[in-house]
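For reference, the structure discussed in these notes is given below.
Just so it is clear, none of the values below were taken in a lab; they were calculated from the coordinates. Remember, it's a predicted structure, so these values are computed and weren't measured experimentally. Here the Cβ positions follow ideal geometry from the backbone for every residue, glycine too, while neighbour counts run over all protein chains shown.
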Amino acid sequence: MKTFDESWYRVAGQRLALRPNVEVRRQIFRGERWYVLHDPFANQFFRLRPAAHEFVV
């Protein structure tokens, strides 16, 4: 897996953002903390670990 690319500078200044209508809920599942994201527009759910949640938010 390649983690560095010469074109990285093209996206280095970009900010990751969720849609404004995305709902985030913290949930404990089998003793672990998860974050469930719900996009009501697309009616999709995504489950994130705390580290991924911090990266996205």
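Summary table below
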quantity: Over the chain: Kirkwood hydrodynamic radius from C-alpha pairwise inverse distances, Å; calculated: 13.4
quantity: Dipole in debye (nearest 20) - the chain, about Cα centre, beta carbon charges: Lys, Arg +1; Asp, Glu -1; calculated: 180
quantity: Positive-end residue, the chain charge dipole about Cα centroid, Cβ charges, pick of 51, 3, 18; calculated: 51
quantity: Within-15-Å neighbourhood charge of residue 39 [Cβ basis; K, R +1; D, E -1]; calculated: +2
quantity: Packing-based ranking, highest mean first, of 33-42, 19-28 given that Cβ atoms within 10 Å are counted; calculated: 33-42, 19-28
